[in-house]
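Have a look at the structure below before the remarks.
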Amino acid sequence: MAKTVLVVDDSAVIRHALCEVFTSESDFCVCGEAENGREAIEMAQALQPDLIVIDLSMPIMNGIDAVRALKRLMPAVPVIMFTMYSDVLSEEEARSAGVSAMFSKSEHASVLLRTARALLYPSAA
């Protein structure tokens, strides 16, 4: 059964691109999209995704605040922080907030997929 992914980014173009990356793979299914942290929390509670891919810089509620809230609600769900501003947030800060992995939007999609699989299928990694 495909693993469900919640995609969170304030840019519709980025959300669409991420959805394309995941839906093109048979082992993933995008269960929802949100454009800010508050929406992400509401959707995650309703959809119970297997994985959350979230942007750092968003209006209303940023990615780090959203991850902290999400990890309180669903601590077992891995969260990948996908951002253009990886220099703004250290990996240590991200991990302490509950981020499972951090990636720059400039990295190739295959790196994101490989990381997602490693988080969701740890025995296969």
Query - Nearest-20 debye value, segment 13-125 charge dipole, Cβ charges on Lys, Arg, Asp, Glu - result: 240 debye
Report summary line: Computed over the chain, the relative contact order (Cα-Cα under 8 Å, seq sep at least six) in percent reads 22 percent
Requested in this report: Compute the relative contact order of segment 1-75 as a whole-number percentage, counting only Cα pairs closer than 8 Å that sit 6 or more residues apart in sequence.
Outcome: 36 percent
Requested in this report: Sum -39500 (n - 2.57) across every DSSP H segment of at least 4 residues in the chain, then divide by the residue count to get the 222 nm mean residue ellipticity, nearest 500.
Outcome: -12500 deg cm²/dmol
Report task. May I ask you to rank 16, 108 by accessible area, largest first, using a 1.4 Å probe over the protein chains only? Result -> 108, 16
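The values are calculated or read from the model by the stated rules, or taken from the named source; none is laboratory data. These numbers come from a predicted model, not from an experiment. Note that each Cβ is placed from the backbone with ideal geometry, even for glycine, and that neighbours are counted across all protein chains shown. Note: accessible area is taken over every heavy atom of the protein model, side chains too, but ligands, DNA and RNA are not part of it. Shrake-Rupley method; radii C 1.70, N 1.55, O 1.52, S 1.80 Å.
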